[in-house]
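First comes the structure, then the notes that go with it.
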Amino acid sequence: MDRVALRIDAEDVLVEGGQSLFTRRPRLFFRSILGATQTESGWRCPSRRSSVQYLALRVYDWLTSRGYEVDPDHQIRSQVSAELERRKSFARTRDAASALKDGATAFEWDDVALSMDNYGWKDDRELAPHQKTAVAHALTAINAANFSVPGSGKTLTTLATASAHLASETIDVVIVIGPLACFDPWERESARALPEGLRVRRVRGDASRRADLYRSARRGDCILISYATAASDQRLLLDLFSAWRVMLVVDESHRIKRFRGGLWAPAILELSRRARVRTILSGTPMPQSGRDLFTQFNVLWPDGQVTGTRDAFAARVDNDLDGVLRTIHPFISRTPKEALGLPPYEIERHEIEMTGTQAEIYELIEGRFRRRLEDADTWRDKLDALRRGRPIRLLQAATNPSVFSRTDSYFGLPALRTEPATLMERLAAYQEREVPAKFGMLLDLVSDLANRGEKAVCWSNFVPNLDAIAHFLRAKIAAPVYQIDGRVPAGDDALRDDPVALKEEPGESDTREQIIRRFLDLEGAAFLVTNPASCSESISLHSTCHTAIYLDRTYDAALFLQSIDRIHRMGMPLDRQVKIHIFCSVNSGNETIDHLVDQSLLRKETTMRRLLEGADLAPLNLAADPLDDSDGNRDDLSDLLRYLLGEDDRAS
């Protein structure tokens, strides 16, 4: 094969050599793929959107893989030498991580434990066996993903890894980028495990205040930054990353899963290039598909060593997902839920008879759906008509008809104003005439728990219903009732008598955390009213709350199981029984949509648990829009359609 000269000329790469450069395959690569221009002796390749250095290495790799003898200029030769060494280093790390995971090599945990002790790790924060395994993996793989199940203690595991790095002086500063809700767990775990070793600081305030915080960083800092702030402050953070050896932690990393576009991911990817050590944490790394892994693993290995190019990765996911998972396997630590040793939780279902006006309203809403189906001829047309009608309206009627009078912005449900007069008359007077049937059962359960001095979290998917529940319970019981939803207004009733909270800056996350802290730390009975959309992720309630009450559920199985994980997780008292209460409305002895949802979730539960809690990674196949999962899939709608058409015992 010909000898080829390779050199950089401004922003172009020049390839010069013999006639073999003009044959079919080279012409396809240079002209069609790189957009190169033919010269008398070869090709001029423009760098376009990539750096000229990246282009030079790409051309060098292509030429050498085809047997060309390449004569690079001094600049490219230096790059090639550095790149070859980088590849060797990556291969050594990958092979060491694989050997550790496969049991081919042992890990000297005593040395790590000594380093942690020397750095001030508290004796009472002893790691569980699965956490030690994850720390060993993280220290071996260097840039590692911890995809253990929710509630497995990923934050504490990562703090242990960071303490080992700090003790050996491989890093100076820990930067955590994640959702606002993850800040409180980091602060709490750091205070318990490394009270002297880490100075935990939130990035907050205006641009000037944030800049001062970055400039005042010192060794041993753990800086907590939201995704939005990291993107906004990218330039300042690049300076910080240049000044210190940084361990970058991206918490709930599936939040930056977008395969293309977005603002957060590009900023975090650029920061990751400057980090000394990189870690990503997620219990649900593939919400939709294997493509969700691309950006996350480019944070770990920013030069694409694991993923390759975007288009090549997409093709591999589509054609050989198992092969992709084998490729990333050395860099993943995953603990299944069964390894946590948690006692099983107990579920109790309560059938509650609707009466009076609520039963009439439920029947009118059912009739509204049946009228929609009359003009649809085929089964497919009927399913489409049913979906457009938003079946979630039936769930509202079975829980609390008064929510129809208010807009639900999360589900995109406007207040009902143009329905038949009979329905509107009943809705207008409902709140004054009647208490929803489920509220009576809720009061019985809550009163019993209050008498025993216990806590519970009360779940409903509808924000207007949360307001009604909180108001109802505050009027009926003496125990404190707290509320969290997507609004969480400043000056919430739960905070007005908290002088510490009132001195702190107002903000959605702050208020949310303060409410949770008061709920958990209060001695005796207390009740939290919330929705899964606000509290199914990055929230831990297990320390003092061991009961959950579901007034309603949607068809979203993942959200339901994740909400259970708020109280059923590592660190809960093992002598306490976690109790789950599920409410199902009944109409004149007949089952309702609550039972359809219950049966759907039971069908989905086994599959979803395997995906969420098992040892193996797999896509959850959730809809890109979470509301699609809430409204039900085709099978769910088919069951509902049969119910409405009287082809199901529940409707008889």
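Within region 201-214, being under 26 Å from the mean Cα position of the chain (by Cα) and either surrounded by 19 or more Cβ atoms within 10 Å (Cβ to Cβ) or hydroxyl-bearing (S, T, Y) (or both) holds for R202, V203, R204. Against the conditions (1) part of a loop (DSSP other than H, G, I, E, B); (2) in contact with a strand residue (DSSP E or B) (Cβ under 8 Å, 6 or more places away or on another chain); (3) crowded, with 21+ Cβ neighbours inside 10 Å, T554 satisfies every one except (2).
Residues in region 635-652 include at least one that is in contact with a strand residue (DSSP E or B) (Cβ under 7 Å, 6 or more places away or on another chain) and over 21 Å from R390 (Cα atoms).
Can we say V277 is among the aliphatic types (A, V, I, L, M) and farther than 25 Å from L325 by Cβ? So V277 does not fit the description; no.
Scanning region 407-425 for residues that are among the aliphatic types (A, V, I, L, M) and in contact with a helix residue (DSSP H, G or I) (Cβ under 8 Å, 6 or more places away or on another chain), we see that the one that is surrounded by the most Cβ atoms within 10 Å (Cβ to Cβ) is L423. Test E126 against the stated conditions and say whether it is modelled with pLDDT under 95 and either of a type in the set (K, R) or more than 25 Å from G283 (Cα to Cα) (or both). No, not satisfied. You will find that of I580, I549, the residue that is surrounded by 21 or more Cβ atoms within 10 Å (Cβ to Cβ) and touching a helix residue (DSSP H, G or I) at 6+ places or on another chain (Cβ under 7 Å) is I549 and no other. Of the listed requirements (1) among the hydrophobic types (A, V, I, L, M, F, W, C); (2) crowded, with 21+ Cβ neighbours inside 10 Å; (3) touching a residue at least 60 places away in the same chain (Cβ under 8 Å), A615 misses just one: (2). Taking the criterion of being out of contact with any helix residue (DSSP H, G or I) (no Cβ under 7 Å at 6 or more places or on another chain), in a helix (DSSP H, G or I) and in contact (Cβ under 8 Å) with a residue 24 or more places away in the chain, the only residue of region 288-328 that qualifies is L325. Of everything listed in (1) not assigned by TED's automatic domain parsing to the domain that holds R276; (2) not in a loop (DSSP other than H, G, I, E, B), the single unmet condition for R125 is (2).
Yes/no matrix, rows are residues, columns are (1) closer than 17 Å to V200 by Cβ; (2) out of contact with any helix residue (DSSP H, G or I) (no Cβ under 8 Å at 6 or more places or on another chain); (3) at pLDDT below 95; (4) buried (at least 20 other Cβ atoms within 10 Å of the Cβ):
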{"residue": "A217", "(1), (2), (3), (4)": "yes, no, no, no"}
{"residue": "L224", "(1), (2), (3), (4)": "yes, no, no, yes"}
{"residue": "A228", "(1), (2), (3), (4)": "no, no, yes, no"}
{"residue": "L240", "(1), (2), (3), (4)": "yes, no, no, yes"}
{"residue": "A243", "(1), (2), (3), (4)": "no, yes, no, no"}
{"residue": "M247", "(1), (2), (3), (4)": "yes, no, no, yes"}
{"residue": "D251", "(1), (2), (3), (4)": "yes, no, no, yes"}
{"residue": "H254", "(1), (2), (3), (4)": "no, no, yes, yes"}
{"residue": "R258", "(1), (2), (3), (4)": "no, no, yes, no"}
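In region 186-206, the residue that is nearest to I223 (Cα to Cα) out of those that are of a type in the set (A, V, I, L, M, F, W, C) and out of contact with any strand residue (DSSP E or B) (no Cβ under 8 Å at 6 or more places or on another chain) is L194. Taking the stated definitions as given, is L269 in the same structural domain as F331 (by TED's automatic domain parsing) and at pLDDT 95 or above? Answer is no for this residue. Based on this model, can you work out whether S600 counts as out of contact with any Cys (no Cβ under 9 Å at 6 or more places or on another chain) and surrounded by 18 or more Cβ atoms within 10 Å (Cβ to Cβ)? Yes: the conditions hold for S600. Per the listing R49, R87, R92, the residue uniquely in contact (Cβ under 8 Å) with a residue 12 or more places away in the chain and surrounded by fewer than 19 Cβ atoms within 10 Å (Cβ to Cβ) is R87.
Taking the listed residues R44, R48, R27, the one that is assigned to a helix (DSSP H, G or I) and either on the phi < 0 side of the Ramachandran plot or not assigned by TED's automatic domain parsing to the domain that holds P302 (or both) is R27, with no other qualifying. Considering only region 330-339, I want to know if a residue exists there that is more than 27 Å from I567 (Cα to Cα) and either at pLDDT 90 or above or hydroxyl-bearing (S, T, Y) (or both). Yes, because at least one residue in region 330-339 is more than 27 Å from I567 (Cα to Cα) and either at pLDDT 90 or above or hydroxyl-bearing (S, T, Y) (or both).
As for region 383-399, it holds at least one residue that is crowded, with 21+ Cβ neighbours inside 10 Å, of a type in the set (S, T, Y) and farther than 30 Å from M286 by Cα.
Let's see how each residue does on (1) under 24 Å from A181 (Cβ atoms); (2) under 32 Å from the mean Cα position of the chain (by Cα); (3) of a type outside the set (V, I, T); (4) not assigned by TED's automatic domain parsing to the domain that holds A398:
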residue	(1), (2), (3), (4)
A415	no, yes, yes, no
R426	no, no, yes, no
A429	no, no, yes, no
G440	no, no, yes, yes
G453	no, no, yes, yes
A456	yes, yes, yes, yes
P464	yes, yes, yes, yes
A475	no, no, yes, yes
P480	yes, yes, yes, yes
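Residues considered: A10, A36. Of these, the only one that is of a type outside the set (K, R), more than 30 Å from S163 (Cα to Cα) and touching a helix residue (DSSP H, G or I) at 6+ places or on another chain (Cβ under 6 Å) is A36. Checked against the criterion of being basic (K, R), surrounded by 21 or more Cβ atoms within 10 Å (Cβ to Cβ) and part of a helix (DSSP H, G or I), region 331-350 has at least one qualifying residue.
A quick yes/no check of all residues on (1) touching a Lys or Arg at 6+ places or on another chain (Cβ under 9 Å); (2) under 30 Å from H329 (Cα atoms):
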site: T158; (1), (2): no, yes
site: A164; (1), (2): no, yes
site: G178; (1), (2): yes, yes
site: A191; (1), (2): no, no
site: Y227; (1), (2): yes, yes
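Taking the condition buried (at least 21 other Cβ atoms within 10 Å of the Cβ) and either farther than 25 Å from E189 by Cα or modelled with pLDDT of 95 or more (or both), does D565 pass? Against the criterion (buried (at least 21 other Cβ atoms within 10 Å of the Cβ) and either farther than 25 Å from E189 by Cα or modelled with pLDDT of 95 or more (or both)), D565 does not qualify. Of the residues making up region 1-34, just one is of a type in the set (G, A, S) and touching a residue at least 60 places away in the same chain (Cβ under 8 Å), namely A5.
The values are calculated or read from the model by the stated rules, or taken from the named source; none is laboratory data. Just so we're clear, the structure is a prediction, and the values are computed from it rather than from any experiment. Here Cβ is always computed from backbone atoms with ideal geometry, including for glycine, and neighbour counts include all displayed protein chains.
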